[in-house]
Structures are given as C-alpha cells and as structure tokens.
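Engineer: One structure is given below, represented as structure tokens, and several questions about it will come after.
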Amino acid sequence: MTATAPTAPAPPAQAASRTGTGPLAAGRRWTEHGLVFTGPFLLLYALFLVWPVLLGLKMSLGDDNIAGTDSEFTGLDNYAEALRDPEVWSSLWNTVWFTLLSTVPLVVTGLVLALLAHHLRVVRWLWRLSWFAPFLLPSGVVGLLWLWMIYPSDFGLADLLLNSLGLDPGIGWLTDTRYAMLSIVLTTVWWTVGFNFLLYLAALQAIPRHLYEAAELDGAGAWRRLVHITLPMLSRTTAVVVVLQLLASLKIFDQVYIMTGGGPDESTRPILQYVYEAGFTGYRIGYASAVSYVFFALIVIVSLIHLRMTRRFREEAAK
C-alpha cells in the first residue's frame with residue numbers, strides 16, 4: 001500500500017473566500033454584479049442629480065431666498081401659492097402651446113428629410129450634413145441668428161423676402177402676439193430637427209432590403225411600400241422621437257429668453273423662465289423650487305400618459 005501525502009491546509013484568505021466570507025469574496029461579489037464599473041457613475045449620479053433633487057425638495061418646503069439667510073419651514077404653502085398664481089398657469093399654457101405647435105412639425109419634418117436623404121444618390125453626405133449641422137449650433141448662436149433675420153423690419157431677411165414678393169413686410173415677428181410664438185416654433189424646428197432626422201435615418205438604414213424587393217415583385221408601388229413597410233417598421237422609432245420631442249419642447253427656455261424675453265405681454269414666457277425670474281429676480285428660491293416641482297409633476301404625467309398609450313397601441317397591434 002502507498003501512503004497518501006497529507007494536503008496542506010488552505011491559507012485563511014482562500015478558505016474565507018470559499019465559504020463566502022472575507023475580502024476576496026466581497027470583491028468577487030462586487031465584480032460579478034458589475035458594481036466596480038457602475039460605482040463611479042452611481043456616485044456621480046447621486047452627487048449631481050439625486051442630491052440636488054432632494055435639496056430642491058427641501059427648499060420648496062421653506063422660505064429660502066437667494067441671500068442665503070436663515071429660512072423657516074413653511075410646509076406646503078409654496079405649493080398652494082403656486083397653484084393659485086395666475087402667472088404659473090399662463091406660463092404653463094405657453095409651454096404646452098409651444099409643445100403642441102412644435103412637436104408635430106419636428107416629427108414630420110425629421111421623417112421627410114430622412115426619407116429624402118435615404119433615397120438620394122448624389123452628394124448624399126452633403127445633404128445629411130446640411131440638415132444636421134444646425135443642431136450642432138449653441139442656443140445663443142441660433143437665437144441671435146434668427147433674431148437678426150426676422151426682427152429688424154428694415155433689413156431683416158424675412159421682411160426683405162416679403163418685400164421682393166410684393167407683400168407687406170411690416171410684420172411684427174417677435175413683437176406681435178399673433179406671430180411671436182410661431183416665430184419661435186419656426187426657429188426651433190430649423191435648429192433641432194436634425195436630431196430627429198438622424199434617428200429616422202438610422203432606423204431607415206436598418207430596415208431589411210428584402211422586404212422592399214418582395215413588395216416590388218408583388219407589384220407594390222412606392223406609396224404602398226411607404227405605407228405598408230416603411231412607416232410600420234419606423235413605429236418604434238417614432239414613439240421614441242415623440243417622447244424625446246415632448247420632453248425637449250416642455251423644457252424650452254434658451255431661444256425664448258434670447259429672442260423675446262418672454263414677450264410680448266408675456267405671451268411666449270415658458271414655465272422655466274418664470275422659475276428663473278421667481279428665483280433669481282424675485283429672490284424667492286423656495287417658491288421657485290415649488291413651481292419647478294409642479295412642472296416636474298406635469299412632465300411625469302405626460303410621460304405616463306404617453307407610455308400608457310404606446311403600450312395599448314402595441315397590445316392592439318399584436319392582436
């Protein structure tokens with residue numbers, strides 16, 4: 001018989017890792033769950049997003065001011081005042097009205113431009129660049145550019161074009177309540193449609209080519225291929241574009257503040273500008289925080305409604 005050599009006992013660290021205890025086991029669990037990689041992001045997320053949200057909620061429950069003096073707890077008084085404030089409701093309506101006016105043109109125009117760029121065969125890169133380039137411009141550049149294009153009645157580009165066509169150029173593009181919001185919508189469509197265009201173009205390139213080839217063999221024309229193949233295949237992209245566009249339009253501030261300052265007669269002032277004025281002009285940080293949380297509740301409601309409608313549409317389409 002041969003004797004079996006005794007095995008040496010495992011080091012304490014290895015033994016602890018086998019039993020699920022000790023620093024090695026803890027490090028392995030962190031690595032397996034990806035916490036080592038997501039930890040820095042979660043830390044920054046909590047520092048720059050979660051903490052400001054909680055701090056803003058605390059400020060909305062008090063009478064904080066921009067001077068930084070001691071504040072007192074006021075409970076829901078700021079929220080009650082915000083719900084009674086007609087300026088809040090008027091600025092909210094301006095924001096919603098802008099969203100309604102801008103969402104449909106931005107979605108439809110982005111789709112049309114993507115279809116054109118997808119089927120063009122000559123200098124395709126130039127068309128894509130020219131339609132996407134405005135989206136890369138800062139909001140200050142876009143606001144000042146369109147301000148000088150449509151505001152001065154004596155040398156503005158819009159009035160010069162109307163004058164060349166024999167029409168009356170004396171239109172208050174940014175000084176008349178009938179045209180101010182439409183002018184801002186036009187500026188926003190020109191500026192931000194490139195993002196929707198890029199999303200639609202990527203989705204069009206992902207549609208399998210054999211679907212169109214089979215439809216052509218069956219005698220389907222260009223219009224039937226668009227209605228029965230392209231648009232249904234773009235339904236998910238359209239849902240994403242609509243959600244992103246609604247959220248972006250509800251957060252309008254820059255171009256309005258630069259071009260009209262909220263006028264004329266506060267007909268274009270969005271809710272974010274009112275929050276800015278209440279906090280940094282009226283020095284009422286607590287009240288401004290409460291108004292911003294009322295606006296946040298509106299965004300959440302819009303998102304939930306759209307999510308519910310999208311889910312119901314998908315369920316009906318699956319039947």
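Engineer: Work out, step by step, the length gained on full extension between Val141 and His228: first 0.36 nm times the residue separation, then minus their alpha carbon distance; give nm to one decimal.
Structural biologist: Separation in residues times 0.36 nm, less the Cα-Cα distance, equals 27.2 nm.
Engineer: Of all accessible surface on the range 171-319 at a 1.4 Å probe, what whole percent is carbon and sulfur?
Structural biologist: Numbers: 5160 of 8060 Å².
Carbon and sulfur: 64 percent of the exposed surface of the range 171-319.
Engineer: Taking only C-alpha pairs under 8 Å that are 6+ residues apart, what is the relative contact order of the chain in percent?
Structural biologist: Working: 314 pairs, mean separation 84.4, N = 319.
Once divided by the residue count of the chain, the mean separation gives 26 percent.
Engineer: Of the candidates Glu266, Glu216, Glu72, which one comes out as most mobile in a Gaussian network treatment of the chain with C-alpha springs shorter than 10 Å?
Structural biologist: Comparing Glu266, Glu216, Glu72 in the GNM, the peak value goes to Glu216.
Engineer: Right, something else. Taking H as built 1.01 Å from N, whose amide H comes closer than 5 Å to the amide H of Ile171, not counting residues under 5 places away?
Structural biologist: For Ile171, whose amide H was placed from the backbone, there are no distant partners under 5 Å.
Engineer: What ³J(HN,Hα) values, in whole Hz, does the Karplus curve 6.51 cos²θ - 1.76 cosθ + 1.60 give for the range 176-191 when θ = phi - 60°, with x put for Gly and Pro?
Structural biologist: So the J values, rounded to whole Hz, are 10, 5, 7, 10, 4, 5, 5, 5, 5, 4, 4, 4, 5, 4, 4, 7.
Engineer: Once amide H atoms are placed 1.01 Å from N in the peptide plane, what residues at a sequence separation of 5 or more from Gly62, or on another chain, have their amide H within under 5 Å of its amide H?
Structural biologist: Hits under the 5 Å cutoff: Thr74.
Engineer: Once fully extended, how much extra length lies between Leu247 and Arg314, figured as 0.36 nm per residue of separation less the alpha-carbon to alpha-carbon distance? Present the calculation step by step, with values, prior to reporting the outcome.
Structural biologist: Numbers: separation 67, 0.36 × 67 = 24.12 nm, distance 2.15 nm.
The Leu247-Arg314 span can extend by a further 22.0 nm.
Engineer: If you don't mind, another one. Fully extended, how many nm does the chain gain between Glu213 and Thr281 (0.36 nm per residue separation, minus their Cα-Cα distance)?
Structural biologist: Values: separation 68, 0.36 × 68 = 24.48 nm, distance 6.21 nm.
Additional length available on full extension: 18.3 nm.
Engineer: Quickly rank 74-80, 182-188 as a protection proxy: mean count of other C-beta atoms within 10 Å, highest first. The partial results should precede the final answer.
Structural biologist: Numbers: 74-80: 15.6, 182-188: 22.0.
Ranking, from highest mean packing down: 182-188, 74-80.
Engineer: Residue by residue through the range 124-132, which ³J(HN,Hα) values in whole Hz follow from phi under the Karplus form 6.51 cos²θ - 1.76 cosθ + 1.60 (θ = phi - 60°), with glycine and proline marked x?
Structural biologist: 4, 5, 5, 5, 5, 5, 5, 7, 9
Engineer: Pick from Leu145, Leu101, Leu44: which is most flexible by mean-square fluctuation in a GNM of the chain where alpha carbon atoms under 10 Å apart are linked?
Structural biologist: Leu44
Engineer: Ignoring ligands, DNA and RNA, what accessible area per residue does the range 60-199 give at 1.4 Å, in Å²?
Structural biologist: 57 Å²
Engineer: Which three lengths, in whole Å and largest first, does the range 110-251 cover when its Cα atoms are put on their principal axes?
Structural biologist: 58, 36, 28
Engineer: Using only the alpha-carbon atoms, what does the chain span along each of its principal axes? Please give whole angstrom values in decreasing order.
Structural biologist: Each principal axis gives a Cα extent; for the chain these are 115, 76, 40 Å.
Engineer: Divide by every residue of the chain the summed helix terms, -39500 (n - 2.57) for each DSSP H run of at least 4, and state the resulting mean residue ellipticity at 222 nm, rounded to the nearest 500 deg cm²/dmol. The partial results should precede the final answer.
Structural biologist: Details: 16 runs with 210 residues, N = 319.
Helices in the chain give a 222 nm mean residue ellipticity of -21000 deg cm²/dmol.
Engineer: Here's another thing I want to ask about it. Choose one of Val275, Leu304, Gly286: the residue whose Cα lies farthest towards the positive end of the charge dipole of the range 198-307 (beta-carbon charges +1 Lys, Arg; -1 Asp, Glu; about the Cα centre).
Structural biologist: Looking along the dipole axis, the top candidate is Leu304.
Engineer: Of the candidates Asn65, Asn94, Asn163, which one comes out as most mobile in a Gaussian network treatment of the chain with C-alpha springs shorter than 10 Å?
Structural biologist: Asn163
The values are calculated or read from the model by the stated rules, or taken from the named source; none is laboratory data. Because the structure is a prediction, the values reported are computed rather than measured. Because the Cβ atoms are built from the backbone with ideal geometry, glycine has one as well, and the counts that use them run over all protein chains shown. Surface accessibility is based on the protein's heavy atoms, side chains included, excluding ligands, DNA and RNA. Shrake-Rupley method; radii C 1.70, N 1.55, O 1.52, S 1.80 Å.
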